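Student: My questions all concern the structure below.
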Amino acid sequence: MKQDVAINALLTETATQANTILGVEVTATTILIQLQPTLAPAYQRPDCQQPVVAAYHDSELLTVQGLGVPGKAVRYQVKSIRLGYLNDAGTFTTFTVPIPGIRTDLLVTDEVVEQALYLHVDRNLSLSVTAAMLRDLYQIETSTSALDRWKAAEAQALPTIGTLIQRLNQKN
């Protein structure tokens, strides 16, 4: 007896859990998943007092690398959607709908960045070994310079040591 299993039950990356899956294509070497972000009825925008209803402006398709499974690379074909609205000043403004689990600026999933940082920072592997492991284990193609930029961007988001000390002192 054959059982059908939903693809988002097999692939646990946030991208498959938090977005709409439009289709799946499986080849000998790749699993290609077409995704689209779920649109909200209204969006809170910084230049508007009230949430605004935005209309479709344009879109583009992005190919994003995900954590592969043994023998197959996982790629997401993501529909990046731009919406437009009139702000409180009466100016037409556009914005890109956030895509949960996808780093559109890096063209990888959140889990890919987490895995890269785990290997490089937590396990203290060199950038070249980290890139090789990502390629060998997950079929992720990246460069050492890209990994270094990812690490620097994540480090910038962390609080400074002075801020950490202030926060610790406030809790006492």
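Student: Which one of ALA28, GLY90, VAL112 has its Cα pushed farthest toward the positive end of the charge dipole of the chain, where Lys and Arg give +1 and Asp and Glu give -1 at the Cβ?
Tutor: Checked the options; the winner is VAL112.
Student: Using a Cα-Cα cut-off of under 18 Å, which aspartates and glutamates could be cross-linked to LYS79, ignoring same-chain neighbours fewer than 8 residues away?
Tutor: GLU13, GLU25, ASP58, GLU60, ASP105, ASP110
Student: Would you mind calculating the relative contact order of the chain from Cα pairs under 8 angstrom and at least 6 residues apart, reporting the percent as a whole number?
Tutor: Numbers: 257 pairs, mean separation 31.0, N = 172.
Reported relative contact order: 18 percent.
Student: Given R₀ = 41 Å, what would the calculated FRET efficiency be for VAL24 paired with GLU154, taking r from the Cβ atoms and rounding to 0.05?
Tutor: Numbers: r = 30 Å, r/R0 = 0.74.
That gives a FRET efficiency of 0.85.
Student: What is the spin-label model distance, in nm, from ARG167 to GLN77 if the labels are put 7 Å beyond Cα along the C-beta direction?
Tutor: Spacing of the two 7 Å Cα→Cβ label points: 4.1 nm.
Student: Quick check: at a probe of 1.4 Å, how many percent of the accessible area of the chain sits on carbon and sulfur atoms? Mind showing how you got there, number by number?
Tutor: Details: 5730 of 10650 Å².
Reported share for carbon and sulfur atoms: 54 percent.
Student: Using the crude model of +1 on Lys and Arg Cβ and -1 on Asp and Glu Cβ, and no other charge, please compute the dipole size for the chain relative to its Cα centre, in debye to 20.
Tutor: 220 debye
Student: Going from the alpha-carbon gyration tensor of the chain, what semi-axes, largest first and in whole Å, does one get by taking the root of 5 times each eigenvalue? Can you show the working numbers first?
Tutor: Working: eigenvalues 187, 154, 45 Å².
Values for the chain, descending: 31, 28, 15 Å.
Student: What percent do you get for the relative contact order of the stretch 76-162 when only Cα pairs under 8 Å and 6+ apart count? Can you show the working numbers first?
Tutor: Values: 56 pairs, mean separation 12.4, N = 87.
Answer for the stretch 76-162 is 14 percent.
Student: Report the label-to-label distance for TYR56 and SER128 in nanometres (one decimal), using points 7 Å from each Cα along the Cα→Cβ vector.
Tutor: Output for this residue pair reads 4.9 nm.
Student: If you average 1/r over every pair of different alpha-carbon atoms in the stretch 110-172 and take one over that average, what Kirkwood value in Å do you get?
Tutor: Working: mean 1/r = 0.0772 Å⁻¹.
It works out to 13.0 Å.
The values are calculated or read from the model by the stated rules, or taken from the named source; none is laboratory data. All of these numbers come straight from a predicted model, not from anything done at the bench. Positions of Cβ are generated from backbone atoms using ideal geometry, with glycine treated the same way; all protein chains shown enter the neighbour counts. All accessible areas refer to the heavy atoms of the entire protein, side chains included, with ligands and DNA or RNA removed. Shrake-Rupley method; radii C 1.70, N 1.55, O 1.52, S 1.80 Å.
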